[in-house]
Amino acid sequence: MRKDQEKRMYDLLEDAYKRYAVKGFIQDDPVQFIYRFDRKEDREIAGLFAALMAWGKRSIILNKVGELLDRMDDSPYEFVLSPGKKKYEVFRGFAHRTFQASDLIGFVAGLKEIYTRHGGLESVFSQPLDETNYEILQSWRGIQRFRRIMIGHPEFLMRSHKHISDPTSASSAKRLHLFLRWMVRKDAVDSGLWNQISKSDLCCPLDVHTGRISRTLGLLKRTQDDRKAVDELTASLRKICPEDPIRYDLALFGLGAYDGL
């Protein structure tokens, strides 16, 4: 990309970012559930479930995440840590697409282990898997570590594995990269709740709108929305803003979903 093209791309994305990365965006987006709470642990648990359930019609997503938090008595961290299995009765009848009550039981059990034995969600996502794969971005490594802990819990069902993307496969891990964006970046939309992961180490959440507009703008050539596409798009955005490439996720989403480009 020539210098003049880079400048036009930067101006386009900056303009879109300034229009969409505003507080007004929050009221119609699942990110709103992070701001429902004050305590860090409540925020990150609410954010995790909001991201994991963020597929389908937006109004339904907001309704179902709100319902789930209500069933947890609006205290997700206390609910996760509370003893006994009788608490799981509150999930009876809950369903959001393929996300069902039996899945929630495994997720709550896995999260309890994460908070009691692994130092919490931020610690899990920020620690390396081993000493041999530092060339892989921390966001991918964190997702893999989170997945290993969760699916390793005896109450986490095999049918629930599909709800946590596997970075060793071709999955784009869209929803977990979205969660990490919410947690790590800080602006009018993203919470900046975590400080142990660098925003330069994030990957772009690749949804249908982001993928389409990225290909239209020449930021992405790969036709499949998979892990290789995520890495390609993130690399393109890193050339524009090395210290904060995912700054332009909202810009691309807005251009694709609302501007009709």
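The values are calculated or read from the model by the stated rules, or taken from the named source; none is laboratory data. It should be emphasised that the depicted structure is a prediction, and the values quoted were computed from it without experimental measurement. In this analysis, Cβ positions are derived from the backbone assuming ideal geometry, glycine residues included, and neighbour counts consider all displayed protein chains.
Within region 207-233, the set of residues being in a helix (DSSP H, G or I) and touching a helix residue (DSSP H, G or I) at 6+ places or on another chain (Cβ under 6 Å) comprises His209, Thr210, Arg212, Ile213, Ser214, Leu233.
Yes/no matrix, rows are residues, columns are (1) closer than 22 Å to Val31 by Cβ; (2) surrounded by 13 or more Cβ atoms within 10 Å (Cβ to Cβ); (3) not aromatic (Phe, Trp, Tyr):
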| position | (1), (2), (3) |
| --- | --- |
| Leu48 | yes, yes, yes |
| Lys87 | no, yes, yes |
| Thr116 | no, no, yes |
| Arg141 | no, yes, yes |
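Results for (1) under 12 Å from the mean Cα position of the chain (by Cα); (2) surrounded by fewer than 20 Cβ atoms within 10 Å (Cβ to Cβ), shown as yes or no for each residue.
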| position | (1), (2) |
| --- | --- |
| Phe146 | no, no |
| Met150 | no, no |
| Arg159 | no, yes |
| Pro167 | no, no |
| Ser172 | yes, no |
| Leu180 | yes, no |
| Lys186 | no, yes |
| Asp190 | yes, no |
| Trp194 | no, no |
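If you go through region 8-27 and keep only what is under 19 Å from the mean Cα position of the chain (by Cα) and crowded, with 19+ Cβ neighbours inside 10 Å, you end up with Tyr17, Tyr20, Ala21. Residues in region 181-192 that are in contact (Cβ under 8 Å) with a residue 60 or more places away in the chain and touching a Phe, Trp or Tyr at 6+ places or on another chain (Cβ under 8 Å) were compared, and the one that is farthest from Phe125 (Cα to Cα) is Ala188. Screening Leu157 against (1) free of Cβ contacts under 8 Å to residues at least 40 places away in the same chain; (2) farther than 30 Å from Val22 by Cα; (3) touching a Ser or Thr at 6+ places or on another chain (Cβ under 8 Å) leaves a single unmet condition, (1).
Each residue in region 28-44 was checked for being surrounded by fewer than 21 Cβ atoms within 10 Å (Cβ to Cβ) and part of a helix (DSSP H, G or I), and 6 of them qualify. Of all residues in region 38-49, those that are of a type in the set (Gly, Ala, Ser) and in contact (Cβ under 8 Å) with a residue 40 or more places away in the chain total 1.
Pairs meeting the criteria (first residue in region 97-111 and surrounded by fewer than 20 Cβ atoms within 10 Å (Cβ to Cβ), second residue in a helix (DSSP H, G or I) and not polar (S, T, N, Q), beta carbons under 6 Å, at least 6 apart or on different chains) are Ala101/Phe91; Ile105/Tyr88. Just to verify a result, which residue in region 214-261, among those that are crowded, with 21+ Cβ neighbours inside 10 Å and of a type in the set (S, T, N, Q), is nearest to the chain's Cα centre (by Cα)? The qualifying residue nearest to the chain's Cα centre (by Cα) is Thr234.
Pick from region 130-164 the residues that are assigned to a loop (DSSP other than H, G, I, E, B) and at pLDDT 95 or above: which of them is nearest to Asp244 (Cα to Cα)? Applying the filter and picking the extreme gives Ile164.
Considering (1) within 24 Å of Ile143 (Cβ to Cβ); (2) of a type in the set (Ser, Thr, Tyr); (3) surrounded by 15 or more Cβ atoms within 10 Å (Cβ to Cβ), the lone condition that Ser75 does not fulfil carries the number (1).
Return a yes/no flag: does region 56-63 have any residue that is at pLDDT below 95, surrounded by fewer than 18 Cβ atoms within 10 Å (Cβ to Cβ) and not small (Gly, Ala, Ser). Yes, that holds for at least one residue.
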